[in-house]
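Single-structure report; data block below.
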Amino acid sequence: MPPAAPERSDFIRDIVAADVAARRVETAITRFPPEPNGYLHIGHAKSICLNFGIAGEFGGRCHLRFDDTNPVKEEQEYIDAIERDVRWLGFDWGAHLYHASDYFEQLYDWAVHLVRNGDAYVDDLSADEIREHRGTLTEPGRDSPWRDRPIVESLDLFARMRAGEFPNGARVLRAKIDMASPNINLRDPVLYRILHATHPRTGDAWRIYPTYDMAHGQSDAIEGVTHSICTLEFEAHRPLYDWLVEHLPVPSRPRQYEFARLNLTHTVLSKRLLLRLVTEGHVRGWDDPRMPTISGLRRRGFPAEGIRDFATEIGVTKADTVVEIGQLEHAVRDVLNRVAPRRFGVLDPLKLVIENYPAGQVEEMDVVNNPEDPSAGSRTVAFGRELWIERDDFLEEPPPKFFRLAPGREVRLRAAYFITCREVIKDAAGRVIELRCTYDPATRGGDSPDGRRPKATLHWVSAAHAVPAEVRLYEHLFTPPDPGADGRDLLADLNPDSETVVTGARLEPSLASAPVGEPVQFERLGYFCADPDSRPGALVFNRTLTLKDTWAKLQAKA
RNA sequence: UGGCGCGUGGCCUAACGGUAUGGCACCUGACUCUGGAUCAGGGGGUUCCAGGUUCGAAUCCUGGCGCGCCAGCCA
């Protein structure tokens, strides 16, 4: 667990602090309760940071509990991915790994307890009939004809449900609360349903499974959870949460608090929609670098620290809001700028020949690794007569405010020499294919003895030394900030340029051994990291984010 | 329509009856061997509206308006 630095406070932390001060609880025991039916995304990260963060700050603990009450949707693959992602985010549940399925026997006993007390009954109505009886938002529901059947009969039927005597949907166990409640969740909610399905953990031991409402609060109580923090859509369930905890002999009394889930522009945060993108092949998988999943962000190169910083910066409230994705990107750049070693990489190479540089000569130029971090030291990069520079660092007819290379103009090659463009060579189609330049030997290292200061500094790689690579450039997954809004088809909002694969990049040789996922900055371009697809001799890099680019901004305005 | 919740500059957020906080974004300028980073400064708010209580209201009350959630044997 990361150091429990004092986080900014929020209404939930205020409640916890007050509870601790009033000795209502000894400490904060929270839990992160994912359902293993998909991959975790940045919205879950907000919840993870909140739950583990609070536990850390108050010297309590946070459990990882899988809410695995619906075997028809849940899979082991998701369980594994969730554990990996929470750990990668920087959190540790220690020995406190739990599953709602661990409590199935206890939950069953408690269900029997409810029946014995006349607080629950077996209902023979079909799903359709139950819906019909439930009433509507404005009309009260009607009692099921089975609502007052003898307790012994319900007991017998419930036992036989467990034994697997009835098919799916034949009967359910319902709480007996109030069919006229204005809160629909209190109109005799279903507690158990028959599901002849194999569970990832309990196998075929059970033919009935508890619903979320029956399982969640009771699991909290079993684990001694003090503050059960969930998202706003469960607000209407809180009266039921409380009802169950009050009608059952549970060992502790947890309280539920709700906060607003995260919404982000230019993406979607719904497991259903993310699953659709995966299954329909619009992305490379759950961990596609464009996905807002934790594993996607990781593959993209977003550091865990940046995600955590983002979570604290956006705060925790009950207001349903949409955060600009730029705020996430800012938190990520902030970390990357501090930690990413700088390297040279040319995405769209243009050959540059230095006519007065001796053929065959190679100089090892000393280049600082990170101007933000002197302790990162420096490295050596080979320089020679033939180089690659970025094609858009040259313009034959430079517009005003374009400071880079142009015919007759002198610029600095970073940590190397000043060069002047003498001649532009084009192919038959008129495309620039080579620049002939001269260099000033007196400017070795990048400074001139006479104080000349070029307006631009270019990155470069030696043509004789550079290694080729594929580079995948990523942008927002969706073009509009609110994909699928106003009844638009989600797919129509996909950004056709969300991934651009560049195949002819040339990188400085040290990048050939860059570990997968380790962030580097390609100077002047952005932050990158090697993709898991990368192989020796077939390097693949992902662009995590571009650097802020005021020139690009100027161009966009024009 | 019934219940519950929420409305503070473009976005997020603070304020706990004392005269609108901070971050992101935006705009200047300085500095710079990354048009990066950094630093300095700046613009932008009838705190959803209308009443009321109070010496004083973003905060409390009433009534509107807007938005979100709830009618799965999903979570």
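Per-structure values
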quantity: Convex hull volume per residue for the stretch A:73-170, taking Cα atoms only, in Å³; calculated: 178
quantity: Cα-based convex hull volume of the stretch A:4-122 per residue, rounded to whole Å³; calculated: 152
quantity: Mean Cα-pair separation over length for chain A, i.e. relative contact order, pairs under 8 Å, 6 or more apart, %; calculated: 11
quantity: Euclidean distance of C-alpha centroids, the stretch A:92-128 and the stretch A:473-512, integer Å; calculated: 45
quantity: A:Glu246/A:Asp392 FRET efficiency (R0 51 Å; Cβ-Cβ; nearest 0.05); calculated: 0.15
quantity: Principal axis dimensions, the stretch A:11-259 - Cα atoms, whole angstrom, descending; calculated: 51, 39, 32
quantity: Segment A:Ala429-A:Lys455, length gained on full extension (0.36 nm per residue, minus Cα span); calculated: 6.3 nm
quantity: For the stretch A:405-516, the fraction of alpha-carbon pairs in successive 5 Å shells from zero, as %; calculated: 2, 10, 12, 13, 13, 13, 11, 9, 7, 5, 3, 1, 0
quantity: Antiparallel bridge percentage (DSSP; both residues within chain A; nearest 5); calculated: 65
quantity: Nearest 10 degrees, 0 to 90: helix A:304-314 Cα axis against chain A principal axis; calculated: 70
quantity: Packing-based order for A:70-80, A:257-267, using average beta carbon neighbours within 10 Å, highest first; calculated: A:257-267, A:70-80
quantity: Relative contact order for the stretch A:20-103, counting Cα pairs under 8 Å that sit 6 or more residues apart, in percent; calculated: 36
quantity: Chain A pair-distance distribution - Cα-Cα, 10 Å bins, rounded %; calculated: 3, 15, 21, 20, 15, 10, 7, 5, 3, 1, 0
quantity: Proximal aspartates and glutamates to A:Lys553, defined as alpha-carbon separation beneath 13 angstrom and excluding residues fewer than eight positions away on the same chain; calculated: none
quantity: Relative contact order (%) - criterion: Cα under 8 Å, at least six apart; region: the stretch A:345-459; calculated: 28
quantity: Nearest-ten-degree value, helix A:238-247 long axis tilted from longest Cα axis of chain A; calculated: 40
quantity: Nearest 10 degrees, 0 to 90: helix A:11-21 Cα axis against chain A principal axis; calculated: 60
quantity: The stretch A:11-259 - share of DSSP beta bridges that are antiparallel (%, nearest 5); calculated: 50
quantity: Hits among lysines - C-alpha to C-alpha of A:Lys557 under 20 Å, sequence gap 8 or more where chains match; calculated: A:Lys401, A:Lys548
quantity: Mean Cβ neighbour count within 10 Å, used as a protection proxy, ranking A:242-254, A:469-481, A:336-348 highest first; calculated: A:336-348, A:469-481, A:242-254
quantity: Principal axes of the stretch A:345-459: Cα extent on each, largest first, Å; calculated: 49, 35, 31
quantity: Spin-label model distance (nm) - A:Lys401 vs A:Asp447, 7 Å beyond Cα toward Cβ; calculated: 3.2
quantity: Order by protection proxy (mean Cβ within 10 Å, highest first), peptides A:226-234, A:445-453; calculated: A:226-234, A:445-453
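Computed from the coordinates by the stated procedures, all read-outs in this text should not be read as laboratory data. Remember, predicted model here, so these are calculated numbers, not experimental data. Cβ coordinates were reconstructed from backbone atoms using ideal geometry, including for glycine residues, and neighbour counts include every protein chain displayed.
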